[in-house]
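Asker: Shown below is the structure under consideration.
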């Protein structure tokens, strides 16, 4: 497709042809048409919004988000503004930014509080945000524990004839694979009174609980398709 293809076509014609290409899943062609329409009328909502949809379909989420932002600023009614915010949320979710996505969904819900799909997306974003923060917290806690216990590795590597002491060291290593709650207790490696088999079983259950939380979040599928009410005008 060459630039000369667009010469002589007005804004409405470019939008119409872009929509037809979009409907036929020719998203690159649609993007080119919408871009040309923007050149002719950069202050109109439709071309920016539809370009965002076409970019989203090409998995160009950051670029799509930028177009949705422009469309939001140019929107002249609550429905168009809501759709722009909604799709910004979708684009942010695909960039693994659940906190920012939740903010967009929340703003959109104020404009359309009865939209069940929008509320569902908001809940999924909040769950993913919580899980992401927890994972970061666990990583930071693990790093801090390692810094605060420089002698722990040397202690575990030293040979010992004391069977109970060796078992306690192994228990502390296994706890590092769980939630890490015991890391806040002083000298936990020397105070364990549970048999190693029981500790392993508890830690295994904790690990499964975390897996189930993540699985629950992922199973609640958000509406990760943009609202694609392309307009012909």
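The values are calculated or read from the model by the stated rules, or taken from the named source; none is laboratory data. This one's a predicted model, so the numbers in the text were calculated from it and none came from an experiment. Glycine also receives a Cβ, built like all others from the backbone with ideal geometry; neighbour counts cover every protein chain displayed.
Asker: Of the residues that sit in region 1-24 and are assigned to a loop (DSSP other than H, G, I, E, B) and modelled with pLDDT under 95, which one is surrounded by the most Cβ atoms within 10 Å (Cβ to Cβ)?
Answerer: Start the filter on region 1-24 by keeping residues that are assigned to a loop (DSSP other than H, G, I, E, B), which leaves 1-2, 7-10, 24.
Those still in the list that are modelled with pLDDT under 95 too: 1-2, 7-10.
Working: 1: 11, 2: 7, 7: 8, 8: 7, 9: 16, 10: 11.
Once the filter is applied, the top-ranked residue is 9.
Asker: Condition (residue is surrounded by 24 or more Cβ atoms within 10 Å (Cβ to Cβ), more than 23 Å from the chain's Cα centre (by Cα) and free of Cβ contacts under 8 Å to residues at least 24 places away in the same chain) applied to region 31-40: is it met by at least one residue?
Answerer: Checked region 31-40: at least one residue is surrounded by 24 or more Cβ atoms within 10 Å (Cβ to Cβ), more than 23 Å from the chain's Cα centre (by Cα) and free of Cβ contacts under 8 Å to residues at least 24 places away in the same chain.
Asker: Inspect region 111-118 for any residue being in a helix (DSSP H, G or I), farther than 23 Å from residue 58 by Cβ and modelled with pLDDT of 95 or more and give the result as yes or no.
Answerer: yes
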